[in-house]
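Just so you know, all these numbers are worked out from the coordinates, no wet-lab data involved. Worth saying up front: this structure is predicted, and the values here are computed from it rather than measured. Note that we place each Cβ from the backbone using ideal geometry, even for glycine, and neighbour counts take in every protein chain shown.
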Amino acid sequence: MHSNRSRRLSRVTPQQLRAFEATARLLSVTGAARELHLTQPTVSVQLRELAAAVGEPLFESAGRGIRLTQAGEALQQTAGELNDCWRRFESRLAELNGLVRGSLRIAAVTTAEYFVPDLIGPFAAAHPGVEIEFAVENRDGVVARLQRGIDDMAVMMMPPEDLPLDRQPFLDNPLVVIAPAGHRLAGRRLRLSSLAGERWLMREPGSGTRMAAERHFAELGFEPKVAMSLGSNEAIKHAVAAGLGIALLSMVAVRPPVGRAAATTAEGLEILKVSGFPLRRRWSVVWRRDRPLTIAARRFIEHLSAARELRAPRGARA
Ligand code: PGA
């Protein structure tokens, strides 16, 4: 029985696995067919043959859609591992030929989107054979991607403690309190406690910026009056500039004022002078310790360390 099954499994084709991987990710046969430029019946046949080889159903219906069975989930993980193996083989082969080739998947939290593309630029130019995918999500989103092992690495401020990760801190992330231009407290030296009566705008739950703010405020016993949660750094800046409240935000998201004497940024914001701020935090690049790095990923991590020597992100030397 066992040997029968392994004989059947050895007939599984890469095409079937590709059809399965896309269907499992999108939970849609139509979506998978579209992504793979195949017809829907072709994908259905591949999935049927694959299920026959496995000897168990891989999907089951759930409401109007489909979901993975337990066997399907196990196969999804195996397919991911096979894919990683091939990618490593591809990059090793390229290295034997003196090239860095293959794909490089990088995830970053939303504050890092202001500078990671600047770091990718020269790397991409120096390694034209590397195809780069860059995903931006909030901290919760990046943690979920790390859990599933989607990316080669992630750039974030507070790596989760419960995953097997290696990390390399590489840039400062100062967090500042911003207010609308002309705010009555602008230009004055302030204590955090004097901001207790202000309306605070916070990033959405799941954001690392929000987590850092909440932790810091809790440590100081400071209870801000939270007026609103907003889903992006840009939304926070616009809301602050529009006079809806004040906020704690990464300095890289705030374009500094032009000229030494100016206090107001081009976006109509002012950085308040609050004692104990900027809050000094750092970004790290992290990767799964339990999965070997591709050559391209190793080279990119070296590239990031070199960048750390060269410069801090725009505006970070507050
Ligand atoms: P955020 O994360 O984009 O979720 O606020 C920022 C960070 O963790 O550095």
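Report the Cα centroid-to-centroid distance between segment 3-67 and segment 187-240 in angstrom, as an integer.
47
Might you report the magnitude of the Cβ-based charge dipole of segment 2-77 about its Cα centre, with Lys and Arg at +1 and Asp and Glu at -1, to the nearest 20 debye?
I would put it at about 140 debye.
Once you place label points 7 Å from the Cα toward the Cβ at Asp162 and Arg188, how far apart are they in nm?
4.4
Over all directions, the average projected area of the alpha-carbon convex hull for the chain comes to how many nm²?
Mean projected area for the chain: 21.0 nm², to one decimal.
To test your reading of the geometry: what angle, between 0 and 90 degrees and rounded to tens, separates the Cα axis of helix 139-148 from the longest principal axis of the chain?
On a 0 to 90 degree scale, this one is about 20.
Using only the alpha-carbon atoms, how far is helix 40-54 inclined from the longest principal axis of the chain? Give it as 0 to 90 degrees, nearest 10.
70
Please give the charge dipole size of the chain, origin at the Cα centre, charges +1 on K and R Cβ atoms and -1 on D and E Cβ atoms. Round to the nearest 20 debye.
520
If we count other beta carbons within 10 Å of each Cβ, what is the order of Trp283, Trp200, fewest first?
Listed from fewest to most nearby Cβ atoms, that is Trp200, Trp283.
How high is the relative contact order of the chain, in percent, with contacts defined as C-alpha pairs under 8 Å that are six or more residues apart?
The normalised contact order for the chain reaches 20 percent.
Based on the alpha-carbon set only, what is the convex hull volume of segment 175-274 divided per residue, in Å³?
Normalising the Cα hull of segment 175-274 by residue number yields 90 Å³.
Tell me the Kirkwood radius of segment 2-77: reciprocal of the mean inverse pair distance over distinct alpha-carbon atoms, in Å.
The Cα-based Kirkwood calculation yields 12.4 Å.
Going 7 Å from the Cα of Arg67 in the Cα-to-Cβ direction, what parts of segment 1-36 have a backbone nitrogen less than 18 Å from that spot?
23-29
Fewest to most neighbouring Cβ within 10 Å: what's the order for Thr110, Thr42?
Going from least to most buried by this count: Thr42, Thr110.
For each of Leu175, Leu244, Leu9, count neighbouring Cβ atoms within 10 Å of the residue's Cβ, then give the residues from fewest to most.
If I rank by nearby Cβ atoms, fewest first, I get Leu9, Leu244, Leu175.
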